[in-house]
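> One structure follows; several queries about it will come next.
The values are calculated or read from the model by the stated rules, or taken from the named source; none is laboratory data. In this text, all values refer to a predicted model and were calculated from it rather than measured experimentally. Cβ placement follows ideal geometry from the backbone for every residue including glycine, while neighbour counts extend to all protein chains displayed. With ligands, DNA and RNA removed, areas are computed over all heavy atoms of the protein, side chains included. Shrake-Rupley method; radii C 1.70, N 1.55, O 1.52, S 1.80 Å.
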Amino acid sequence: MSSHRQETVRRLAAPDIAARKGGVPIVCLTAYTAPMAELLDEHCDLLLVGDSVGMVVHGLPNTVGVTLDMMILHGQAVMRGARRAMVVVDLPFGSYEGSPEVAYANAARVMKETGCSAVKVEAGPAVAENIEYMVKRGIPVMGHVGLRPQAVMVEGGFKAKGKADHERRRILEEARAAEEAGAFAIVVEGVAEGLAREITEAVSAPTIGIGASAGCDGQILVTDDMLGLFDWTPKFVRRYGDIRGEIAKAVAAYADDVRERRFPGPAEIYFAKAG
């Protein structure tokens, strides 16, 4: 028997994230695969298996077509790669907006089949009751207010929110309702900067901003956007890399080597042993 003991790493959980309110900002990114989760894990407090996977990985025009099975598949992959960061999985459109019992059943399935630590829902006006129902039955829930991608069909596109007074009041009310229902954190997406600060000050749950304010308790971006994998990114994204350019250069070099018969070379092929 080996005398070496395997190192045990404690995964962050909902109480750890909730306790960060007003403290050191919470670092969050999206992850959809095991290799990316492994790379991000060292640097992030929370990894979100977002339904943005439908657009980023599967080429869908929006998140509406994402299924529960897709989220479970990617959630399982991320859990294999992440050891320390809390992993949260989005509940997709149509899986939680109906009865509290259906929302709970779908959330419980996601947690049991992936091993994730929590689920996230877009906290529209009719969802607070379902959040409370799930939380009371042992499922940590992260809320999401402001720009709600799953409501794209109703709202006619991805548009910033909170510039008009009636929108500000509604979004603030939704954030408070999510908090009162027991959400341990709330994503605030695509809202006017002042409103994001107001929400952060108004709720006791930490806020995670995306296209919101540096005054939020944490920040999240779609990793593929931040790394520069696409030729266009939203206004609120800062590019920290040019992965698209690096991939293009690498593939072009590979193609040239293949066409000129420089690849494979002696280092990449096998030779029979003499004798």
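> With only alpha-carbon pairs counted, each pair once and no self-pairs, how large is the Kirkwood hydrodynamic radius of region 6-54 in angstroms?
12.2
> Could you name the aspartates and glutamates in cross-link range of residue 249, using Cα to Cα under 13 Å and dropping any fewer than eight places away on the same chain?
Straight-distance partners of residue 249: 257.
> Return the ratio Rg/(2.2 N^0.38 Å) for the chain, where Rg is computed over Cα atoms only.
The value comes to 1.14.
> Would you kindly calculate the mean projected area, averaged across all directions, of the convex hull enclosing the Cα atoms of region 1-154, in square nanometres?
Mean projected area of the Cα convex hull: 10.9 nm².
> Would you look at the GNM of the chain, springs on alpha carbons closer than 10 Å, and say which of 164, 105, 185 moves the most?
Its mean-square fluctuation being the largest, the pick is 164.
> Which entries in 21/136; 120/235; 21/120; 136/235 show an alpha-carbon gap greater than 29 Å?
Result: 136/235 exceed 29 Å.
> For region 110-260, evaluate the Debye formula with one uniform point scatterer on each Cα (no solvent term) and list log10 I(q)/I(0) at q = 0.10, 0.15, 0.20 Å⁻¹, rounded to two decimals.
Rounded to two decimals, the profile gives -0.44, -0.81, -1.21.
> OK, next. What fraction of the Cα pairs in region 215-258, stated in percent, has a spacing above 17 angstrom?
Cα-Cα pairs in region 215-258 separated by more than 17 Å: 45 percent.
> Can you compute the helix-only [θ] at 222 nm over the chain? Use -39500 (n - 2.57) per DSSP H run of at least 4 residues, normalise by all residues, nearest 500 deg cm²/dmol.
Roughly -11500 deg cm²/dmol at 222 nm, from the helical runs in the chain.
> Further question: Using a probe radius of 1.4 Å on heavy atoms only, what accessible surface per residue do you get for the chain? Whole Å² is fine.
Computed with neighbouring chains in place, this is 53 Å² per residue.
> Please give the contour-minus-distance gain from residue 112 to residue 262: 0.36 nm per residue of separation, less the Cα-Cα distance, rounded to one decimal in nm.
49.1 nm
> By how many nm would the segment from residue 239 to residue 8 grow when fully extended, if each residue of separation counts as 0.36 nm and the alpha-carbon distance is taken off?
79.8 nm is the gain from fully extending residue 239 to residue 8.
> For residue 136 and residue 76, FRET efficiency with R0 = 22 Å and r from the beta-carbon atoms, rounded to 0.05?
0.25
> Rounded to a whole number, what is D in µm²/s for region 178-257 from Stokes-Einstein with the Kirkwood radius over alpha-carbon pairs (37 °C, 0.692 mPa s)?
Once the numbers are plugged in, D ends up at 226 µm²/s.
> In nm, give the distance between the simple-model label positions of residue 38 and residue 247, each being 7 Å from the Cα along the Cα-to-Cβ direction.
Here the modelled spin labels are 1.9 nm apart.
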